[in-house]
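*Asks:* Dumping the structure here so I can ask a few things about it.
The values are calculated or read from the model by the stated rules, or taken from the named source; none is laboratory data. Keep in mind that what you see is a predicted model, and the values were worked out from it rather than measured. Note: ideal-geometry Cβ built from the backbone for every residue, glycine included; neighbour counts use all protein chains shown. The protein model used for the area step is the full one, side chains on, heavy atoms only, and it has no ligands, DNA or RNA in it. Shrake-Rupley method; radii C 1.70, N 1.55, O 1.52, S 1.80 Å.
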Amino acid sequence: MTNHPRDLQNTDCALIIGSNAAENHPILFKWIMKAKEKGAKVISVDPRFTRTSSQADIYAPIRPGTDIAFIGGLINYVIEKNLYHKDYVVNYTDWAFLVDPGFEFKDGLYSGYNKDKRSYDRKTWAYRTEKVTGPDGKESVKYLKDETLQDPYCVFQILKKHYARYTPDMVSKVTGMPKEKFLEIAKTFGATGAPDKTGSINYAMGTTQHTKGSQNVRSYAILQLLLGNIGRQGGGVNALRGHSNVQGSTDLAALFHIVPGYMAIPNDAAHKSLKDYNEKETPKAGFWVNKPKFFISLLKAFYGRNATKENDFGYNWLPKIAAGKNYSHIALFQTLYEGKIKGMFVFGQNPMIDGPNSDMEAKAMSKLEWLVNVDLFENETSSFWKRPGTKPEDIKTEVFLLPAASFDEKAGTATNTGRLIQWRDQAVEPKGESKSDLWIAYNLGLAIRKAYANSNLPEDEPVLKMTWDYGSAQNIYSADPDVYKVAHEINGFDVNTGKGLAGFGNLKDDGTTASGCWIYCGYFVSRDDNRSRRRGKEDPSGVGSYLNWGWAWPMNRRIIYNRASADPNGQPWSDKKKYLVFDTSKADPTKKQKGLWSGPDVPDFVPSRAPDDPGGKAPFIMLPEGVGKLFGQGMADGPLPEHYEPLETPVKNAFSSHQLNPVAKVWNSEMDKVGEAAKFPIVASTWRLTEHMHGYTRNFPWSSELQPKLFVEISPTLAAAKGIKTGDQVIVSSARAEIRALALVTPRMAKLKLGDQEVEQVGLPWHFGHEGIVTGDIVNRLTPHIGDANTMIPEYKAFLVDVKKGGAA
């Protein structure tokens, strides 16, 4: 989230898309309702009429997989009606920047496309620049602009031309949203472009789990930049996470392509040395120029005293991924399916339920020699070898189940969706022989190091040279790890004194500091200064910042990019939306200080920087340009979001001849079957239930009683056509599998009119499986193995099925 949950009470309009926040994020939704009590409008855009929709001022249906068509229409409307926040856009975005004259877009493809590789050469997507020499003799890059906005290659003209095709009629035809509903939303949310208003966009997995999920989010960012809603109270592009610590797991690099703190993981081709890495990964401008300080401090955390300047701080011990190789979830299971991996650990995940095309993933796991599953309960992954329809004697995989401790049975932190880090003490002892993930990982590491202790092989050095001393003060290699030692290392410390660091501004690239995650530096300075434990209830501004409750990264900022909350001179865009202000009355000539920034937040820039200082008017400090990018050259599938159809679709793409995102990640194995609309004419999507937490709560009697059966939601029109009534047993089939469920006939699902074509849609909760008190077929047996072009996240939210009456539930 750019903002934080409590800040939603300050919005004038909350657009909720790809999320059923009322059911899945009820505490966060409370703040949206607070805003509504103060006069804010709430908009719900969803394929299904949900409990969120029931609380909205405006509800509009949308066909799964058509977010970009809808948001592209809003962008076009905002530009055509001059609703954008002009002063904000002029000063804080790239809209006047000139793009390479070789750039073009034609029939769904951007310049540089390679059909054989299914990828883009992005050279023509670059800004035009020239080198300039300053008074100090140093060279810098100047971005060429057309302040008149007439040049056809300025970002504004490219943006305007691109989205001119996204007319209200086209939006309605593609999404199934009635034109009058679209126009009502466009007028309502477009009004937040006024300086005295802000609007927020709030999304969840309904946005991201698509072959263009990353571009869905990019489209939200473009719209919010145009309206001046980034960096301001009540604004933002806000991801609503599905677990209490999803944000924390991402920060600490649970993703394959990064190391902690969102730095690229080195690959074996481009980053052969530490010098290569620093030169290729460090930009020439923006705050990321400090990356060597963060990265070398990370190496010191990994390898401690063994990391020296002479050995590049242990850089050669750090594993490198193979250049061009994909390590995402789907790629992993494709590799398992090919029999190329012998063993696998599964922590905090249940691929048999939450992985796409799960029949294939089960077959992939059967190729393993061994599988270790760490979980609270026996789940569908640990028992995949005895799932219904399987002969256990045919599966040779040896499976080990390690009992894990739940969140209340261990101490540590969770980082919530608003980047807020909060310490949680252990409430109760783990049951039986259950152990925390930390205990399991630490003792596994000790055992491996013991096995390698006498090795002189260079390939074993990364294990033997790493820091692994998280035991008690009396015995650092004791079996019980000290969570405070782990927190201390993550925060960062001076390697000579051992003292914790108060912030990432103290990190250095000379090997004298260590930090396991630079963005967390400052959250845990010491056991006595554990800022994630703070529970201060002071909120003098009344805007809900609560700076003394927990600690939010980076450096306790609650709204990131908050320099944009003030105009270029440091004054509020509107007194109604006053946040950070540059106060010249606090100037101190003895310190050559021109004034001070004040407000209810930590400035997301150098706090002493005055508006007329170099960079003082640049709110987006992580980008070399210092401004928000309407034109995103870093995306794999194009600098501007473009609508493409899902892998499986009942219609032709109305915008181009390219049905599927041209660089979506496609795998081809014998089980990756694609459904055709002639056989599978119904659009399906998956979602969650309030009563079930993934698959865990099917082990709890009260949750099982509340939701005891798998069901499929179908519209009254589809039910009438199929002769189905609520409670009937039905078969839902895709090109990959068929499952059985009970029918729930409900007007929450509706037939969509797409121009001259009508399309039915159904919805399925994906929590059920063959373990637990209540059981049901696995819904993700139906979903395809295909990934987003940037993140490789699977396309769970839009696929084709058929429904027929019959079958035994």
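*Asks:* Would you mind telling me which numbered condition in (1) open to solvent by 20 Å² or more (accessible area, probe 1.4 Å); (2) at pLDDT below 95 G695 fails?
*Replies:* In the conditions (1) open to solvent by 20 Å² or more (accessible area, probe 1.4 Å); (2) at pLDDT below 95, G695 misses (1) alone.
*Asks:* Quick check: is even one residue across the range 640-647 closer than 30 Å to R6 by Cα, modelled with pLDDT of 95 or more and either surrounded by fewer than 21 Cβ atoms within 10 Å (Cβ to Cβ) or of a type outside the set (D, E, K, R) (or both)? Before you say what the answer is, go through the steps one by one.
*Replies:* Our first condition is that a residue be closer than 30 Å to R6 by Cα; within the range 640-647, this holds for 641.
Checking which are modelled with pLDDT of 95 or more leaves us with 641.
This time we only want the ones that are either surrounded by fewer than 21 Cβ atoms within 10 Å (Cβ to Cβ) or of a type outside the set (D, E, K, R) (or both), so: 641.
Yes; the residues of the range 640-647 include at least one that is closer than 30 Å to R6 by Cα, modelled with pLDDT of 95 or more and either surrounded by fewer than 21 Cβ atoms within 10 Å (Cβ to Cβ) or of a type outside the set (D, E, K, R) (or both).
*Asks:* If a residue has to be surrounded by fewer than 16 Cβ atoms within 10 Å (Cβ to Cβ) and on the phi < 0 side of the Ramachandran plot to count, how many in the range 418-434 make the cut? Walk me through it before giving the result.
*Replies:* Step one: filter the range 418-434 for residues surrounded by fewer than 16 Cβ atoms within 10 Å (Cβ to Cβ), giving 425-429, 431-433.
Keeping just the survivors that are on the phi < 0 side of the Ramachandran plot gives 425-429, 431, 433.
Number satisfying all stated conditions: 7.
*Asks:* Identify all residues within the range 435-457 that are more than 17 Å from F345 (Cα to Cα), part of a loop (DSSP other than H, G, I, E, B) and open to solvent by less than 70 Å² (accessible area, probe 1.4 Å); write none if there are none. Reasoning before the result, please.
*Replies:* Initially, the range 435-457 is screened for residues more than 17 Å from F345 (Cα to Cα), giving 449-457.
From the residues that got through so far, the ones that are part of a loop (DSSP other than H, G, I, E, B) too are 453-457.
If the condition is that a residue be more than 17 Å from F345 (Cα to Cα), part of a loop (DSSP other than H, G, I, E, B) and open to solvent by less than 70 Å² (accessible area, probe 1.4 Å), then A453, S455 are the ones that fit.
*Asks:* Answer with yes or no whether Q729 is open to solvent by 10 Å² or more (accessible area, probe 1.4 Å) and within 23 Å of A677 (Cβ to Cβ).
*Replies:* Here the answer is no, as Q729 does not meet what is asked.
*Asks:* Which of the residues belonging to the range 469-494 are open to solvent by less than 50 Å² (accessible area, probe 1.4 Å) and either over 26 Å from G248 (Cβ atoms) or part of a loop (DSSP other than H, G, I, E, B) (or both)?
*Replies:* Y470, G471, S472, S478, A479, P481, D482, G492
*Asks:* Let me ask something else about it. Among the residues of the range 534-553, write down those that are surrounded by 18 or more Cβ atoms within 10 Å (Cβ to Cβ) and more than 23 Å from T11 (Cβ to Cβ).
*Replies:* Correct list: W551 only.
*Asks:* Which ones in the range 407-442 are out of contact with any helix residue (DSSP H, G or I) (no Cβ under 9 Å at 6 or more places or on another chain) and small (G, A, S)?
*Replies:* G432, A441
*Asks:* Does R232 count as touching a Gly at 6+ places or on another chain (Cβ under 8 Å) and among the basic types (K, R)? Lay out the reasoning, then the answer.
*Replies:* Working: touching a Gly at 6+ places or on another chain (Cβ under 8 Å): no; among the basic types (K, R): yes.
Criteria not met by R232.
*Asks:* So, one more: Go through the range 563-600 and give me each residue that's touching a Ser or Thr at 6+ places or on another chain (Cβ under 9 Å), assigned to a helix (DSSP H, G or I) and at pLDDT 95 or above.
*Replies:* Passing the criteria: only K577.
*Asks:* In the range 24-49, what residues are of a type in the set (S, T, N, Q) and open to solvent by less than 10 Å² (accessible area, probe 1.4 Å)?
*Replies:* Just the residues of the range 24-49 that are of a type in the set (S, T, N, Q), to begin with: 24, 44.
Scanning the range 24-49 gives a single hit, S44.
*Asks:* Right, something else. Mind checking which residues of the range 659-675 are in contact with a Leu (Cβ under 7 Å, 6 or more places away or on another chain) and over 12 Å from H785 (Cβ atoms)? Give the derivation first.
*Replies:* Taking the range 659-675 as the starting set, the residues that turn out to be in contact with a Leu (Cβ under 7 Å, 6 or more places away or on another chain) are 660, 662, 674-675.
L660, P662, G675 - these are the residues of the range 659-675 that are in contact with a Leu (Cβ under 7 Å, 6 or more places away or on another chain) and over 12 Å from H785 (Cβ atoms).
*Asks:* So, in the range 50-71, exactly how many residues are open to solvent by 30 Å² or more (accessible area, probe 1.4 Å) and of a type in the set (S, T, Y)?
*Replies:* Filtering the range 50-71 down to residues open to solvent by 30 Å² or more (accessible area, probe 1.4 Å) leaves 51, 54-55, 57, 59.
Narrowing the set further to residues that are of a type in the set (S, T, Y) leaves 54, 59.
Here the count works out to 2.
*Asks:* Of the conditions (1) surrounded by fewer than 18 Cβ atoms within 10 Å (Cβ to Cβ); (2) at pLDDT 95 or above, G389 satisfies every one except a single condition; which number is it?
*Replies:* Condition (2) is where G389 drops out.
*Asks:* For the range 599-622, what are the residues that are exposed (fewer than 14 other Cβ atoms within 10 Å of the Cβ) and out of contact with any Phe, Trp or Tyr (no Cβ under 8 Å at 6 or more places or on another chain)? Can you show your working first?
*Replies:* Within the range 599-622, the subset exposed (fewer than 14 other Cβ atoms within 10 Å of the Cβ) is 607, 612-614.
Listed by number, the residues that qualify are D612, D613, P614.
*Asks:* Which ones in the range 664-713 are among the β-branched types (V, I, T) and part of a helix (DSSP H, G or I)? Quick ask: steps written out before the conclusion?
*Replies:* So in the range 664-713, the residues among the β-branched types (V, I, T) come out as 666, 674, 682-683, 686, 690, 697, 712.
Correct list: T697 only.
*Asks:* Anything in the range 98-143 that is of a type in the set (S, T, Y), open to solvent by 60 Å² or more (accessible area, probe 1.4 Å) and either assigned to a loop (DSSP other than H, G, I, E, B) or free of Cβ contacts under 8 Å to residues at least 12 places away in the same chain (or both)? List them, or say none.
*Replies:* Across the range 98-143, the qualifying residue is only T133.
*Asks:* Here are the criteria: (1) open to solvent by 30 Å² or more (accessible area, probe 1.4 Å); (2) more than 20 Å from the chain's Cα centre (by Cα). Tell me which single one K629 does not satisfy.
*Replies:* Result: K629 passes all but (2).
*Asks:* Name the residues in the range 66-83 that are part of a helix (DSSP H, G or I) and not acidic (D, E), would you?
*Replies:* As a first pass, look at the range 66-83 and keep what is part of a helix (DSSP H, G or I): 67-80.
Hits for the range 66-83 are I68, A69, F70, I71, G72, G73, L74, I75, N76, Y77, V78, I79.
*Asks:* What are the residues in the range 60-93 that are over 25 Å from the mean Cα position of the chain (by Cα) and of a type in the set (F, W, Y), if any?
*Replies:* Correct list: Y77, Y84, Y88.
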